[in-house]
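Rule-based calculations on the coordinates, nothing more; no lab input. Just so it is clear, the model here is predicted, and its values are computed rather than measured. Cβ sites come from the backbone with ideal geometry, for glycine too, and all protein chains shown count toward neighbours.
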Amino acid sequence: MNQPAPTYLFEANQKPSLDLVDVPLIEATAESVKDYGYLVDDPDTCEIEIVTWPAQGWRPIDQETGNQGGTVEGIFRGEWRGDVLMGSNDAVGGHYVLGWSTDPQNASKETRTVARDQVLLWHFNYHPDGGQLFFPLEKKPFVVPVALAGDDLSTDRIIAFWCDGSQGLYIHPGIWHEGIFPVEDEQTFLDRQGRVHARISCDIGEEFGVYLSVPLKRPNS
């Protein structure tokens, strides 16, 4: 059954109040991220994986075809506006409401009304056609929520990585994720990903009846 594409720009109070599920926050290290991707010191050395277009029937895709779309890159920007976290991705022309720091019924886009110690996440997505690199242009900490590949998503599969800003994060094709969460008011990243930009989405609120509470404070701090 075809699902309608999510609406990514809206007023926070258009979303209902829902229960919260806490997401474990893990410090990003070479070991902790290895099942999801890897940390990147130099974006020029990071090769984006491109997945061959799937065959439609029993006839196979010809060798050396179906994976020639290449990559696209641009600036990904995360910006807090009051209690609302906005995102934009110049690489694919995307503009998004990523989440809120408080109940969306109370969230203000003009004024910060609560401490920004969490993001209440309503949406998740993955790209089946290629991997994705987020490399910080300012050496400031950021948080990335992720889950391993597979359409049978459940809230207990979701974790978040706390990155100290000294390295970028590359994620493999098929890894569930959302935009980058800046710990400070605003942060920009080099974004590089597959040009096809297929996107498969999950509206967490509608599907599970909850929001995900993603912490922003460094683990054990």
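Using only the Cα atoms of the stretch 45-92, build the gyration tensor, take square roots of its eigenvalues as a ≥ b ≥ c, and label the shape rounded, prolate or oblate: rounded if a/c is under 1.5, else prolate if a/b is larger than b/c, else oblate.
Prolate, since a/c reaches 1.5 and a/b exceeds b/c.
With +1 on each Lys and Arg Cβ and -1 on each Asp and Glu Cβ, and nothing else charged, work out how big the dipole of the chain is about its Cα centre, in Debye to the nearest 20.
Once rounded to the nearest 20, the dipole reads 260 debye.
When 17, 108 are ordered from fewest to most other Cβ atoms inside 10 Å of their Cβ, what list results?
Going from sparsest to densest Cβ surroundings: 17, 108.
Rg to Rh for the stretch 1-62: what is it, with Cα atoms only and Rh by Kirkwood?
Here Rg/Rh amounts to 1.11.
Any idea what diffusion coefficient the stretch 5-112 gets from Stokes-Einstein, in µm²/s, Kirkwood Rh on alpha carbon pairs, 20 °C, 1.002 mPa s?
Answer, rounded: 119 µm²/s.
Give the shape of the chain as rounded, prolate or oblate, defined through the alpha-carbon gyration tensor: a ≥ b ≥ c are the square roots of its eigenvalues, a/c under 1.5 means rounded, and otherwise the shape is prolate if a/b is larger than b/c and oblate if not.
Prolate is the answer for the chain, as a/c is 1.5 or above and a/b outweighs b/c.
Using a Förster distance of 22 Å, how high is the FRET efficiency between residue 58 and residue 198, based on the Cβ-Cβ distance and rounded to 0.05?
After rounding to 0.05, the efficiency reads 0.45.
Rounded to the nearest whole Å³, what is the per residue volume of the convex hull around the Cα atoms of the stretch 49-157?
Value for the stretch 49-157: 156 Å³ per residue.
Counting DSSP beta bridges in the chain, what percent are antiparallel, to the nearest 5?
Given both bridge residues lie in the chain, the antiparallel proportion sits at roughly 90 percent.
Between 166, 88, 101, where does the largest GNM mean-square fluctuation fall for the chain, given springs only between Cα atoms within less than 10 Å?
Highest fluctuation of the listed residues: 166.
How big is the charge dipole of the stretch 28-85 about its Cα centre, in debye rounded to the nearest 20, if each Lys and Arg gets +1 on its Cβ and each Asp and Glu gets -1 on its Cβ?
It works out to roughly 340 debye.
If you rank 62, 35 by fewest surrounding Cβ atoms within 10 Å, what's the result?
62, 35
May I ask you to derive the FRET efficiency for residue 5 and residue 110 from their Cβ-Cβ distance with R0 = 25 Å, giving the value to the nearest 0.05?
Rounded to the nearest 0.05, the efficiency is 0.30.
Within a Cβ distance under 12 Å of residue 76, other residues only, what is the Lys/Arg minus Asp/Glu net charge?
Spelling it out: positives minus negatives among the neighbours equals -4.
Which of rounded, prolate or oblate describes the stretch 111-221 when judged by the alpha-carbon gyration tensor and an a/c cut-off of 1.5?
Here the stretch 111-221 falls in the oblate category.
Using the number of other C-beta atoms within 10 angstrom as an exposure proxy, rank 217, 15, 139 with the fewest first.
In order of increasing Cβ crowding within 10 Å: 139, 217, 15.
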